[in-house]
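Quick notes on the structure that follows.
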């Protein structure tokens, strides 16, 4: 699990992360971040006193492919290499590059809207199934749709209560840690 490296990065925004480790102090150790997912991303930290600083410009992150990445933070000194931490990070797309008509809602919000649209359309239909020319259509029972709607309403409410659903873009995360 990543504790010292951001788990959420937005393409097109600057990234700055400072890492301080008594076990792997700069400049004796060099620290790198290896990200593997939709495209490989390799980052080298620069020494700043005893700290290691990852600093990536917005121009450089703008080319990063959105998606889920496996992350390995590694410290190296000569032939000696240690993994400091590992986990996953998500690279979100640069909002500037998002096409017209983009739906910013998450899966739960889109699914809830679809379920409610089906319920609204079904309100005027009285048959659960019918057969025409030997082909049968069976609709999902309204009770099942209501149950799904309740579950997705809860998921959307939890998402919004966490504040995550209220931002248009993710904020830059600056991290400083030490041992």
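Filtered by the rule that a residue be surrounded by 13 or more Cβ atoms within 10 Å (Cβ to Cβ) and more than 12 Å from residue 9 (Cα to Cα), segment 42-70 gives 43, 45, 46, 47, 48, 50, 51, 52, 53, 54, 55, 60.
So that you can scan it fast, the table gives a plain yes or no per residue for (1) over 24 Å from the mean Cα position of the chain (by Cα); (2) assigned to a loop (DSSP other than H, G, I, E, B); (3) on the phi < 0 side of the Ramachandran plot:
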| position | (1), (2), (3) |
| --- | --- |
| 24 | yes, yes, yes |
| 27 | yes, yes, yes |
| 33 | no, no, yes |
| 64 | no, yes, yes |
| 70 | no, no, yes |
| 75 | yes, no, yes |
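In segment 100-112 there is no residue that is touching a helix residue (DSSP H, G or I) at 6+ places or on another chain (Cβ under 6 Å), outside the structural domain of residue 27 (by TED's automatic domain parsing) and free of Cβ contacts under 8 Å to residues at least 40 places away in the same chain. I'd like to check something: does segment 137-152 contain any residue that is under 30 Å from residue 11 (Cα atoms) and either touching a residue at least 12 places away in the same chain (Cβ under 8 Å) or surrounded by 14 or more Cβ atoms within 10 Å (Cβ to Cβ) (or both)? Within segment 137-152, one or more residues are under 30 Å from residue 11 (Cα atoms) and either touching a residue at least 12 places away in the same chain (Cβ under 8 Å) or surrounded by 14 or more Cβ atoms within 10 Å (Cβ to Cβ) (or both).
The values are calculated or read from the model by the stated rules, or taken from the named source; none is laboratory data. Source: prediction; values computed, not measured. So basically every Cβ, Gly included, is an ideal-geometry build from the backbone, and we count neighbours across all protein chains shown.
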